[in-house]
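What follows is one structure encoded as structure tokens, with my remarks underneath.
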Amino acid sequence: MEEESVGCGRPTGAVIGESVSKGQKKEQVLETKEGKMAAVRVGGKAPDFEAPAFYKGKFIKIKLSDYLKKWIVLCFYPGDFTFV
Amino acid sequence: MLSVSVDSQFVHKIWNEEELKKMVKGGIPFPMVSDAAGSIGKIYGVYDEGAGVNIRGRFIIDPDGAIQAMEVLTPPVGRKVDETIRQIQAFQHVRATKGAEVCPSGWEPGKPTLKPGPDLVGKVWKVWKP
């Protein structure tokens, strides 16, 4: 995992394990994806994303698809300093 | 395990150092992801526009990248980690048997599984004793 000090989280526009098809700009795909939020369903592929993260004392960039072939628990919560 | 909130990675660092290290020896052992504009939460359907935060959504993703389970709670109620682990164990068992065995309600490792098929129809009561 590469170290990165700044950046922002963004969906790649593809589902995990697949690349964005040619000719599509990521922004356009994102809009399309947001319009199709029902696409996130059990049995379906997880949408891929890249984002900055804090991990073991370092700031890194993670990509969900880096964890393919492993079991992943993706856990959202309202905010730091709250209970999870 | 990946945790995600709209807080920056810098706030994650301070939370880990100031509070979480006091509860978890050595601090948080997995990446704490920053989703500053909620753009990840939006595609997973867990971003609350009004509050500007991600609500409590939990997704179990298998090694093929398929979402096997999701659980979404509003903020006031927290989750139970044991239940998440039980579900992962059950999905791993089903995967190991290539779907030949399924895990009925209340299943835990060591408890009997069911083998779906014509013979099981109407006979679940014989093999499944909760």
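The values are calculated or read from the model by the stated rules, or taken from the named source; none is laboratory data. What you see is a predicted model; the values in this text were computed from it and never measured. Using ideal geometry, Cβ is built from the backbone for each residue, glycine included, and neighbour counts are taken over all protein chains shown.
Annotations
- Single residue of segment A:50-84 satisfying the filter (under 19 Å from B:Tyr47 (Cβ atoms) and more than 7 Å from chain B (Cβ to nearest Cβ)) that is surrounded by the fewest Cβ atoms within 10 Å (Cβ to Cβ): A:Thr82
- Selection within segment B:57-78 - within 7 Å of chain A (Cβ to nearest Cβ), modelled with pLDDT of 95 or more and touching a strand residue (DSSP E or B) at 6+ places or on another chain (Cβ under 7 Å): B:Gly57, B:Arg58, B:Phe59, B:Ile60, B:Ile61, B:Asp62, B:Gly65, B:Ala66, B:Ile67, B:Gln68, B:Ala69, B:Met70
One line per residue, one yes/no per condition, for (1) loosely packed, with under 13 Cβ neighbours inside 10 Å; (2) among the polar types (S, T, N, Q); (3) more than 13 Å from the chain's Cα centre (by Cα):
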residue: B:Lys42; (1), (2), (3): no, no, yes
residue: B:Tyr47; (1), (2), (3): no, no, yes
residue: B:Asn54; (1), (2), (3): no, yes, yes
residue: B:Asp62; (1), (2), (3): no, no, no
residue: B:Met70; (1), (2), (3): no, no, no
residue: B:Val77; (1), (2), (3): yes, no, yes
residue: B:Val81; (1), (2), (3): yes, no, no
residue: B:Gln89; (1), (2), (3): no, yes, no
residue: B:Lys98; (1), (2), (3): yes, no, yes
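- Taken over segment B:104-124, residues that are surrounded by 12 or more Cβ atoms within 10 Å (Cβ to Cβ), modelled with pLDDT of 90 or more and farther than 12 Å from B:Val94 by Cα amount to 2.
- Single residue of B:Val4, B:Val33, B:Val11 found to be within 14 Å of A:Phe54 (Cβ to Cβ), at the interface with another protein chain (Cβ under 8 Å from one of its Cβ atoms) and in a helix (DSSP H, G or I): B:Val11
- Single condition B:Gly26 does not satisfy, out of (1) in contact with an Asp or Glu (Cβ under 6 Å, 6 or more places away or on another chain); (2) surrounded by fewer than 21 Cβ atoms within 10 Å (Cβ to Cβ): (1)
- Hits in segment B:79-93 - residues which are out of contact with any Phe, Trp or Tyr (no Cβ under 9 Å at 6 or more places or on another chain), more than 7 Å from chain A (Cβ to nearest Cβ) and outside any loop (DSSP other than H, G, I, E, B): B:Val81, B:Asp82, B:Glu83, B:Ile85, B:Gln87
- B:Thr113 meets all of the listed conditions (1) farther than 28 Å from A:Glu50 by Cβ; (2) out of contact with any helix residue (DSSP H, G or I) (no Cβ under 9 Å at 6 or more places or on another chain); (3) without any contact (Cβ under 8 Å) to a residue 24 or more places away in the chain but one, namely (2).
- Looking across segment B:37-55, the residues that are in a strand (DSSP E or B) and more than 7 Å from chain A (Cβ to nearest Cβ) come down to B:Tyr47, B:Asp48.
- Set A:Val84, A:Val15: member being modelled with pLDDT under 95 and out of contact with any strand residue (DSSP E or B) (no Cβ under 6 Å at 6 or more places or on another chain): A:Val84
- Sole exception among (1) in the same structural domain as B:Asp7 (by TED's automatic domain parsing); (2) touching a helix residue (DSSP H, G or I) at 6+ places or on another chain (Cβ under 7 Å); (3) touching a residue at least 24 places away in the same chain (Cβ under 8 Å) for B:Lys42, by number: (3)
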